[in-house]
Amino acid sequence: QKKKLLEELGQNRLPYLTPADDDFHQLWRTKYSKLVFRKSDAVPEELHQMVQEGFLTLLKHDCFFQDLVRIKGKDFLTPVSRILIGNPGCTYKYLNTRLFTVPWPTEGYDIKYSSPQIHDACKALIRLNDYLHVEAVKALQGQNLSETKEIKDTTVIDREQSFATSLTAKGSVSKDQSSCCVPEDNYRSLKSRTSYNLTLLNYMDPLQMLYLKQEPYFGMGNMAVSWHHDENLAERSTVAVYSYSCEGSAVEESNEQKLKGRDPAVWHIGLKVAWDIDTPGLAIPLHQGDFYLMLDDLNMTHQHCVLAGFSPRFSSTHRVADCSRGTLEYIFGQCELALQNLKTDSDSKVLSLKSLETAVIKQSEEIHNEVEFEWLRQFWFQGKRYLKCTDWWLKPMAKLEEFWRKMEIMVSTVL
């Protein structure tokens, strides 16, 4: 699709708008209405301070890493350095690489951090996560999306607005508290599509990069992240992105505004309708502490990129990762399912199989492969870098290795 689009364009470039253009807000309202943007003054100052100190702490402790990813059969190091922080035992997979969460402080889990500062950084990010969850619920209701589209009774809408207000006031809401404000199905859907289980943190200093790709369709300039849809997300879930560009540490806003288009000194988020040649794109400037929400199906119908400015930048990208096959709970359950076919003789302690049926053997071996290639190899390939933050993953990985050894015995027994 990319090749076809570039061939169609030839030497031409598609048009795009920035806030300096007269038709910018009209285009946003009509073609990009599911992007919600909030300037930094909308966020409590205390939260800004906590989160920004957390970013700098993680950078100081060398906790950001370039990922080795695979695209179309070739391996690449990402220009952006990343770290995944989120619910204990949760993973996130993108471009054939599985990342393992540095767990944020969670009640009921014994998490030992390599320093109190890293604990505080992770705590700041779960605070930001809670805040963005509330903002996403409010934004979804305010835009009258999906569940509320068919509801025309104004009393119901008023109740939903009061639900959003109560969320803002309390910072969180229990199922019991909410059920009186919003129909149960609506509440469940809102919660499932905005309850972020992890954040992928990004860091890049463009002035340290020898080469950055040029944006190919609109001529928007240097890209930190190419055009893409975010992967591995729950269907129609919101993505929330908090941006912190270290303005003042590099060149401030450029005086080259005479050039048509975006200011190259300032970081921007770029948006376009996926594989569309008729709709102009958007380039929206990102300043210190701004955040934006990609609501509902925007991530599926549109693509986005990140356009590099001159100063270093952090971002915290909060997601509802599709964890149907990506949690420790899931993979331990799969192991127990496979090992149901293994029995131990009570006298000789010799291991044997209960069944040699093809379907049973096939299922066990598929799980065996999943444990080895999706978990153990992925973890020891890149996951061990997170020991700089915590050793939390070592015990579950040892348990998975033990399961894997038993499955190796099962294979030998079959043979």
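Quick look at the values:
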read-out: Test result for Gln378, touching a Lys or Arg at 6+ places or on another chain (Cβ under 6 Å) and assigned by the TED database to the domain that holds Phe218; value: no
read-out: Lone unmet requirement of (1) over 24 Å from Asn87 (Cβ atoms); (2) without any contact (Cβ under 8 Å) to a residue 60 or more places away in the chain for Phe373; value: (1)
read-out: Criterion (aliphatic (A, V, I, L, M), open to solvent by 60 Å² or more (accessible area, probe 1.4 Å), on the phi < 0 side of the Ramachandran plot and in contact with a strand residue (DSSP E or B) (Cβ under 9 Å, 6 or more places away or on another chain)) met by exactly one of Leu99, Leu84, Leu77; value: Leu77
read-out: Subset of the stretch 230-249 (residues that are open to solvent by 10 Å² or more (accessible area, probe 1.4 Å) and among the aromatic types (Phe, Trp, Tyr)); value: Tyr244
read-out: The stretch 345-393, residues that are among the charged types (D, E, K, R) and closer than 17 Å to Tyr330 by Cβ; value: Glu366, Glu370, Glu372, Glu374
read-out: Count of the stretch 51-63 residues which are surrounded by fewer than 18 Cβ atoms within 10 Å (Cβ to Cβ) and either within 18 Å of the chain's Cα centre (by Cα) or not polar (S, T, N, Q) (or both); value: 5
read-out: Spans of helices (runs of 4 or more DSSP H) in the stretch 102-219 with at least 1 residues within 30 Å of Phe76 (Cα to Cα), assigned by the TED database to the domain that holds Lys4 and at pLDDT 90 or above; value: 116-142
read-out: Single unsatisfied condition, Val69 versus (1) in contact with a Ser or Thr (Cβ under 7 Å, 6 or more places away or on another chain); (2) surrounded by 20 or more Cβ atoms within 10 Å (Cβ to Cβ); value: (2)
read-out: Condition met for Ser40 (in the same structural domain as Asp205 (by the TED database), surrounded by fewer than 18 Cβ atoms within 10 Å (Cβ to Cβ) and modelled with pLDDT of 95 or more); value: yes
read-out: Flag if Leu298 is closer than 23 Å to Gln141 by Cα, in contact with a Ser or Thr (Cβ under 7 Å, 6 or more places away or on another chain) and open to solvent by less than 30 Å² (accessible area, probe 1.4 Å); value: no
read-out: Failed item in (1) over 21 Å from Val225 (Cβ atoms); (2) modelled with pLDDT of 95 or more, with Val320 passing the rest; value: (1)
read-out: From the options Pro285, Pro280, residue that is open to solvent by 10 Å² or more (accessible area, probe 1.4 Å) and in contact with a helix residue (DSSP H, G or I) (Cβ under 9 Å, 6 or more places away or on another chain); value: Pro280
read-out: Positions within the stretch 2-22 being open to solvent by 100 Å² or more (accessible area, probe 1.4 Å) and under 24 Å from Gln143 (Cα atoms), in sequence order; value: Asp22
read-out: Filtered residues of the stretch 293-314 (kept if within 17 Å of Val273 (Cβ to Cβ) and part of a strand (DSSP E or B)); value: Met294, His302, Gln303, His304, Cys305
read-out: Top-ranked residue of the stretch 336-352 - restricted to ones that are of a type in the set (A, V, I, L, M, F, W, C) and touching a Leu at 6+ places or on another chain (Cβ under 7 Å), ranked as nearest to Leu125 (Cα to Cα); value: Leu342
read-out: Filtered residues of the stretch 315-331 (kept if surrounded by 18 or more Cβ atoms within 10 Å (Cβ to Cβ) and outside any loop (DSSP other than H, G, I, E, B)); value: Ser315, Ser316, Thr317, His318, Arg319, Ala321, Thr327, Leu328, Ile331
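The values are calculated or read from the model by the stated rules, or taken from the named source; none is laboratory data. If you're wondering where the values come from, they're calculated on a predicted model, not measured in any experiment. Methodologically, a virtual Cβ is constructed for each residue, glycine included, from the backbone with ideal geometry; neighbour enumeration extends over all protein chains shown. The protein model used for the area step is the full one, side chains on, heavy atoms only, and it has no ligands, DNA or RNA in it. Shrake-Rupley method; radii C 1.70, N 1.55, O 1.52, S 1.80 Å.
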